[in-house]
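Trainee: This structure is in structure tokens; I'll ask about it shortly.
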Amino acid sequence: MHIFFKDVTVRFPIYDAKQRSFRQTLLSAATGGNINHDSKITMVESLKGINLDIRKGDRVALIGHNGSGKTTLLRVMAGVYKPDIGHVDIQGKVTSLLDSQLGMDPEATGFENMRLRGLFLGLKPNQIEGKIDEIAEFSELGDFLNMPVRTYSSGMVLRLAFAISTCIQPEILLMDEWISVGDESFKHKAEKRLHEFVDNAGILIFASHDHELTNRVCNKKIHLEHGKIINIE
Ligand SMILES: Nc1ncnc2c1ncn2[C@@H]1O[C@H](COP(=O)(O)OP(=O)(O)OP(=O)(O)O)[C@@H](O)[C@H]1O
């Protein structure tokens, strides 16, 4: 089990308002699309030459100011973005809590979503049935589990997503700053479950602005600034 990054760079093209305007698109179509604005495309480099070697048992905090590249890095690990330059090698099954709505059907109930996400996580239907009670209990959502997920608050969706995603032992768990969401008692419960997960030796990657929390949970801190790693401690 490992996460290995070699000189990873991720870029996003930024289109200015002029290029995006309807009039410009029409004009471009009317001239056979010959007006080329490529030279005006600005690229933002979200990650610049990132090198990482993360191994089994590592609990890693990604630390940095807004826009330093934490989310982009997590999304590359989750396979959402491919590097424009460089190479990524991930050994192990990645479970991501980056976007709790991802893989949830808002029209389906909490119970139905447990089954859906369970399948998505690679569980067999009978394995999922065996976990339903535990997930329901952990989520503390009670009767809401019979209601469509669109009626949930964002904290409730997160509880459900966390309960489902951690009902199996994930190998690599990616999280955004979700832990600050939810009430105190749920936070403690979630943290206890995370400790159990880490004790069973997986990899945890965690973006956070909360120093006290990262000191308690993580054994490695990666400091990012303007898309670059400035320090690993
Ligand atoms: N899809 C995108 N299109 C264009 N630029 C992007 C995109 N995603 C990220 N960026 C840019 O990349 C940089 C890093 O963003 P990222 O979201 O990774 O930062 P972050 O450290 O997670 O910030 P925060 O703490 O605010 O969540 C920022 O300058 C951002 O504007």
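Trainee: Here are some conditions: (1) charged (D, E, K, R); (2) over 30 Å from ASN231 (Cβ atoms); (3) exposed (fewer than 15 other Cβ atoms within 10 Å of the Cβ). LYS56 meets all but one. Which one does it not meet?
Mentor: The number of the failed condition is (2).
Trainee: Which of (1) in a loop (DSSP other than H, G, I, E, B); (2) more than 8 Å from the ligand (Cβ to nearest atom); (3) modelled with pLDDT under 95 is the odd one out, the single condition PRO83 does not satisfy?
Mentor: With respect to (1) in a loop (DSSP other than H, G, I, E, B); (2) more than 8 Å from the ligand (Cβ to nearest atom); (3) modelled with pLDDT under 95, PRO83 is out only on (3).
Trainee: When the range 196-233 is examined, which residues are found to be assigned to a strand (DSSP E or B) and more than 20 Å from the chain's Cα centre (by Cα)? Lay out the reasoning, then the answer.
Mentor: Looking only at the range 196-233, we keep the residues that are assigned to a strand (DSSP E or B), and these are 203-207, 220-225, 228-232.
Matches in the range 196-233: ILE230, ASN231, ILE232.
Trainee: Looking only at residues that are more than 15 Å from the ligand (Cβ to nearest atom) and charged (D, E, K, R) in the range 86-107, which one is nearest to the chain's Cα centre (by Cα)?
Mentor: Checking each candidate, the answer is LYS93.
Trainee: Follow-up question, since we're still on this one. If the requirement is being among the basic types (Lys, Arg) and at pLDDT below 90, which of these qualifies: ARG117, ARG59? Break it down stepwise before answering.
Mentor: Values: ARG59 fails: at pLDDT below 90.
Going through ARG117, ARG59 in turn, just one is among the basic types (Lys, Arg) and at pLDDT below 90: ARG117.
Trainee: Please determine, by comparing only the residues of the range 125-155 that are of a type in the set (Ser, Thr, Tyr), closer than 21 Å to ASP176 by Cβ and out of contact with any Lys or Arg (no Cβ under 8 Å at 6 or more places or on another chain), which one is modelled with the lowest pLDDT. If you could, list the steps in order and put the result at the bottom.
Mentor: Narrowing the range 125-155 to residues of a type in the set (Ser, Thr, Tyr): 139, 151-154.
Cutting the leftovers down to closer than 21 Å to ASP176 by Cβ gives us 139, 152-154.
Retained after the next criterion (residues that are out of contact with any Lys or Arg (no Cβ under 8 Å at 6 or more places or on another chain)): 152-154.
Working: TYR152: 93, SER153: 89, SER154: 82.
Within the range 125-155, the match that is modelled with the lowest pLDDT is SER154.
Trainee: Restricting to the range 47-79, and then to whatever is away from the ligand (no atom under 12 Å from the Cβ) and in a loop (DSSP other than H, G, I, E, B), can you tell me which residue is farthest from VAL10 (Cα to Cα)?
Mentor: GLY57
Every residue, every condition in (1) hydrophobic (A, V, I, L, M, F, W, C); (2) modelled with pLDDT of 95 or more; (3) surrounded by 11 or more Cβ atoms within 10 Å (Cβ to Cβ); (4) more than 17 Å from the chain's Cα centre (by Cα), yes or no:
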site	(1), (2), (3), (4)
THR9	no, yes, yes, yes
ASP16	no, no, yes, yes
ALA30	yes, no, no, yes
GLY33	no, no, no, yes
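Trainee: I'm checking my understanding of the structure. Among residues of the range 159-208 that are at pLDDT below 85 and within 20 Å of GLY69 (Cα to Cα), which one is farthest from the ligand (Cβ to nearest atom)?
Mentor: Once the filter is applied, the top-ranked residue is ILE179.
Trainee: Looking only at the range 133-155, count how many residues are surrounded by fewer than 16 Cβ atoms within 10 Å (Cβ to Cβ) and part of a helix (DSSP H, G or I).
Mentor: Qualifying residue count for the region: 10.
Trainee: Separate question: Any residue in the range 116-126 that is surrounded by fewer than 18 Cβ atoms within 10 Å (Cβ to Cβ), away from the ligand (no atom under 16 Å from the Cβ), in a loop (DSSP other than H, G, I, E, B) and of a type in the set (Gly, Ala, Ser)?
Mentor: The answer is yes; a qualifying residue exists.
Trainee: Moving on to the next point. Based on what the data block shows, is ASP105 of a type outside the set (A, V, I, L, M, F, W, C), at pLDDT 95 or above and either over 30 Å from ALA136 (Cβ atoms) or touching a strand residue (DSSP E or B) at 6+ places or on another chain (Cβ under 9 Å) (or both)?
Mentor: Working: of a type outside the set (A, V, I, L, M, F, W, C): yes; at pLDDT 95 or above: no; either over 30 Å from ALA136 (Cβ atoms) or touching a strand residue (DSSP E or B) at 6+ places or on another chain (Cβ under 9 Å) (or both): yes.
Against the criterion (of a type outside the set (A, V, I, L, M, F, W, C), at pLDDT 95 or above and either over 30 Å from ALA136 (Cβ atoms) or touching a strand residue (DSSP E or B) at 6+ places or on another chain (Cβ under 9 Å) (or both)), ASP105 does not qualify.
The values are calculated or read from the model by the stated rules, or taken from the named source; none is laboratory data. Quick caveat: nothing in here was measured; it's all calculated off a predicted structure. As a convention, Cβ positions derive from the backbone with ideal geometry for all residues, glycine included, and neighbour counts pool all protein chains shown.
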